[in-house]
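Accompanying notes for the structure given below.
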Amino acid sequence: MLPTRNRQILLHSRPNGIPQAENFRLAESTLPPIGDGQVLVRHHFLSVDPAMRGWVNAVTNYSDLVPIGGVMRAFAAGDVIESHHPDYKVGDYVVGMLGWQEYSVVSTRAIRYKIAQLDLPLSLYLGALGLNGITAYIGLTKFGEPKPGDTVVVSSAAGSVGSAVGQIAKALGCRAVGIAGGPQKVRWCLDEFGFDAAVDYKSPTFVADLQQACPQGVDVYFDNTSGAISDAVLNSITFGARIVICGTASVASWDPWPAGPRPERHLLVKRAKMQGFINLDHDDLYAESVEQLSAWVRNGQLHYREDILEGLEQAPGSIADLYTGANAGKRLIRLKVV
Ligand SMILES: NC(=O)c1ccc[n+]([C@@H]2O[C@H](COP(=O)([O-])OP(=O)(O)OC[C@H]3O[C@@H](n4cnc5c(N)ncnc54)[C@H](OP(=O)(O)O)[C@@H]3O)[C@@H](O)[C@H]2O)c1
């Protein structure tokens, strides 16, 4: 029998800065009827992403704000349990912008892709084979333009995007240097993800450690943090370096707009290029990215860490941890599938 009730996490109030548990509330509702062209998806995993901060804060962002009272926007992975669309059948596994909820009744526009072959764990399609892995792949290959022998530095290196960036850099013949918070995350970079070097940005010797880790300078900087970490990296960029702006995790709030050192002189003197990118603009590269990333997971060249919380009730407080570094890899919420 198909479900009739749904549990959802709604945006309760608008945060200024990092969203906290009290900005959300759990609600129950009746599932709407499934219209023509729609499918009913049962969610198995919900994604927790740093980007969610931007989706609820009233400062400049690349997408519409989640309205107060609206279901929290989120990627989710699940199976189709009823379909009124000819291209989807019951039992298909899908990933999409389906929201922090147990079920979704959606038109197929909300679905980003159908998983062709589910021989790898479903959760991976929200992490190493999902938003994070795809972001790492597109950001590095398209915007970082890495060449064999380049030194590629990435911040948040033990995280989901950063760990993939380092491993993709290695697969492409580059030297990978990670920047992460604390000795344990530095060890993960070296021992689990195979970085050539990794440094702890919380150490008092960070700036000297970074220079030592990059004796030939930095050809590609994949920036997940902005802030003081990036200021230190920019001092070491090489002639013609590429700086890929992927995230700004170290900036707690953009209201008021923070002041900081200016990168222009480094870019000018080194004829370097700095470019921001948003994964969602590059749908056309998803299939190719997932195919390549899956091949690397299957042959053991791409390792990943997952940090899984159990149950929808964990969702409201789950974003804030990403901004203290308390997550140990890709943060997900696992739902009980009945
Ligand atoms: N442009 C795009 O399309 C796109 C798409 C997806 C993700 N992203 C960005 O990619 C980055 C990584 O995302 P993810 O999902 O893989 O998250 P993640 O790296 O798994 O988790 C976030 C990490 O950010 C670091 N961090 C938090 N606060 C910090 C601070 N004040 N200073 C320095 N580091 C801090 C922490 O690592 P430490 O413990 O090492 O400090 C934390 O574990 C984020 O900035 C995200 O916004 C961008």
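Quick check on the range 236-336: take the gyration tensor over C-alpha atoms, sort the square-rooted eigenvalues as a ≥ b ≥ c, and tell me if it's rounded (a/c under 1.5), prolate or oblate. If you can, show how the numbers build up before the last one.
Values: a/c = 2.41, a/b = 1.34, b/c = 1.80.
It comes out oblate by the Cα gyration axes.
Would you work out the charge dipole size for the range 8-130 about its Cα centre, treating the Cβ of every Lys and Arg as +1 and the Cβ of every Asp and Glu as -1, and quote it to the nearest 20 debye? Before the final figure, lay out each step's value.
Values: 9 positive and 11 negative charges, 62 e Å.
Using Cβ point charges on Lys, Arg, Asp and Glu, the range 8-130 gives about 300 debye.
How charged is the neighbourhood of Thr248? Take every other residue with its Cβ under 15 Å from the Cβ of Thr248, and add Lys/Arg as +1 and Asp/Glu as -1. Write down the numbers at each step before the final one.
Details: positive: Arg53; negative: Asp49, Asp223, Asp231, Asp255.
Charge balance near Thr248 sits at -3.
Rounded, prolate or oblate: which fits the chain when a ≥ b ≥ c are the square roots of the eigenvalues of the alpha-carbon gyration tensor, with rounded for a/c under 1.5 and prolate only if a/b beats b/c?
prolate
Any chance you could run the full-extension gain for Gln301 through Gln184? It's 0.36 nm times the residue separation minus the Cα-Cα distance, nm to one decimal. Kindly include the intermediate steps, with their values, before the conclusion.
Details: separation 117, 0.36 × 117 = 42.12 nm, distance 2.14 nm.
Here the segment from Gln301 to Gln184 would lengthen by 40.0 nm.
Which value in nm describes the separation of the simple spin-label points at Leu280 and Ala326, placed 7 Å from the Cα toward the beta carbon?
Calculated label separation equals 2.7 nm.
If I stretch the segment between Thr30 and Asp64 completely, what's the gain in nm (0.36 nm per residue apart, minus their alpha carbon distance), one decimal? Please list the in-between numbers first.
Working: separation 34, 0.36 × 34 = 12.24 nm, distance 2.56 nm.
Taking 0.36 nm per residue and subtracting the Cα distance, the gain is 9.7 nm.
For Asp255 and Asp119, calculate 0.36 nm times their separation in residues minus their Cα-Cα distance, and state this gained length in nm to one decimal. Walk me through the numbers on the way to the answer.
Working: separation 136, 0.36 × 136 = 48.96 nm, distance 4.47 nm.
Gain on stretching Asp255 to Asp119: 44.5 nm.
Within the set of other residues whose C-beta is less than 9 Å from the C-beta of Thr238, count the net charge using Lys and Arg as +1 and Asp and Glu as -1.
-1
When a/c reaches 1.5 or more, the comparison of a/b and b/c decides; with that in mind, is the range 131-280 rounded, prolate or oblate per its Cα gyration tensor? List each step's numbers first, then the result.
Values: a/c = 1.18, a/b = 1.12, b/c = 1.06.
Here the range 131-280 falls in the rounded category.
Rounding to the nearest 20 debye, state how big the charge dipole of the chain is about its Cα centre with +1 on each Lys and Arg Cβ and -1 on each Asp and Glu Cβ.
Details: 30 positive and 33 negative charges, 78 e Å.
My answer is approximately 380 debye.
Hey, what angle do you get for helix 160-171 against the long axis of the chain, alpha-carbon based, 0 to 90 degrees rounded to 10?
Taking Cα atoms only, the helix is inclined about 60 degrees.
Mind giving me the FRET efficiency for Val338 and Glu22? R0 is 30 Å, r the Cβ-Cβ distance, nearest 0.05 is fine.
Numbers: r = 29 Å, r/R0 = 0.96.
According to the calculation, E is roughly 0.55.
Calculated from DSSP H runs of 4 or more alone, at -39500 (n - 2.57) each and per residue, what is the 222 nm mean residue ellipticity of the chain, nearest 500? Kindly include the intermediate steps, with their values, before the conclusion.
Numbers: 8 runs with 65 residues, N = 338.
Value at 222 nm, helices only: -5000 deg cm²/dmol.
Where does helix 286-298 land angle-wise versus the long Cα axis of the chain, in degrees 0 to 90, nearest 10?
Between the helix axis and the principal axis of the chain, the angle is about 80 degrees.
Setting aside same-chain residues fewer than 8 positions from Lys114, which lysines have a Cα under 17 Å from its Cα?
Lys89
Which net charge results for the neighbourhood of Ala58, defined as the other residues with beta-carbon distances under 13 angstrom from its beta-carbon, given Lys and Arg at +1 and Asp and Glu at -1?
0
Before anything else, pin down the relative contact order of the chain: Cα pairs under 8 Å, at least 6 apart, normalised by residue count, whole percent. Before the final figure, lay out the partial values.
Numbers: 744 pairs, mean separation 62.4, N = 338.
Once divided by the residue count of the chain, the mean separation gives 18 percent.
What lysines sit close enough to Lys273 to cross-link, taking a C-alpha to C-alpha distance under 21 Å and skipping anything fewer than 8 places away on the same chain?
Lys142, Lys147
For Phe206 and Ser107, what does the FRET efficiency come to when R0 = 56 Å and r is the distance between their Cβ atoms, rounded to the nearest 0.05?
Values: r = 48 Å, r/R0 = 0.86.
Efficiency computed from Cβ-Cβ geometry: 0.70.
The numbers here are math on the coordinates, done by the rules we state, and not lab data. The model shown is predicted, which means the values in this text are computed figures rather than measured ones. Every residue, glycine as well, gets a Cβ built from its backbone with ideal geometry; the counts of neighbours run over all protein chains shown.
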